[in-house]
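All remarks here apply to the structure that follows.
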């Protein structure tokens with residue numbers, strides 16, 4: 001079977017965002033993996049407008065070049081690790097919008113979640129789980145939750161606790177296993 005491709009999707013474009021070092025840490029830890037290739041996909045590099053497609057994404061009849069390009073990027077991967085802050089007990093609008101722009105390209109793939117915030121981003125992840133289910137993404141149990149109080153020095157400099165090393169390994173194991181299983185379904 002070919003090597004799995006997993007996107008680490010950075011779901012915030014906010015100036016001063018804390019997610020870039022979190023996503024970089026995940027990609028760095030994934031570098032030692034042999035069962036999958038991990039690639040950072042930063043939504044700041046994908047300036048999608050608010051949903052401007054005339055037809056629902058589930059129809060797969062994308063009109064805009066930006067939509068076709070984004071859908072092609074999403075389609076490259078067997079699974080995803082979504083990195084999100086928690087804004088108002090949910091995910092940033094830019095991440096929800098990016099998820100809404102495609103449909104079939106997400107289907108029957110694996111998803112994992114890494115979140116950060118005052119409460120570790122757990123409420124954002126719960127919202128993402130509901131969205132992932134509708135997109136037919138098989139989401140794994142293990143998630144990463146980083147606290148602004150304990151995993152960020154002065155609320156800005158990312159310094160995750162050592163206990164996250166075992167958690168990220170478990171997250172990789174789960175998302176790769178599910179991505180491999182879902183790939184056989186798609187094939």
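Somewhere in the range 127-139, is a residue at negative phi and assigned to a loop (DSSP other than H, G, I, E, B)? Yes - at least one qualifying residue is present in the range 127-139.
Only a single item in (1) touching a helix residue (DSSP H, G or I) at 6+ places or on another chain (Cβ under 9 Å); (2) surrounded by 14 or more Cβ atoms within 10 Å (Cβ to Cβ); (3) in contact (Cβ under 8 Å) with a residue 24 or more places away in the chain; (4) under 23 Å from residue 6 (Cα atoms) is not met by residue 176, and it is number (1).
Screening residue 165 with (1) farther than 19 Å from residue 40 by Cβ; (2) in a helix (DSSP H, G or I); (3) touching a strand residue (DSSP E or B) at 6+ places or on another chain (Cβ under 9 Å) gives one miss only, at (3).
When the residues of the range 132-155 are filtered to those that are touching a residue at least 40 places away in the same chain (Cβ under 8 Å) and closer than 17 Å to residue 185 by Cα, which remaining residue is surrounded by the most Cβ atoms within 10 Å (Cβ to Cβ)? Checking each candidate, the answer is 137.
Any read-out appearing in this document is the output of simple, stated calculations on the displayed coordinates, not a laboratory observation. In this text, all values refer to a predicted model and were calculated from it rather than measured experimentally. All Cβ positions, even for glycine, are placed from backbone atoms using ideal geometry, and neighbour counts span all protein chains on display.
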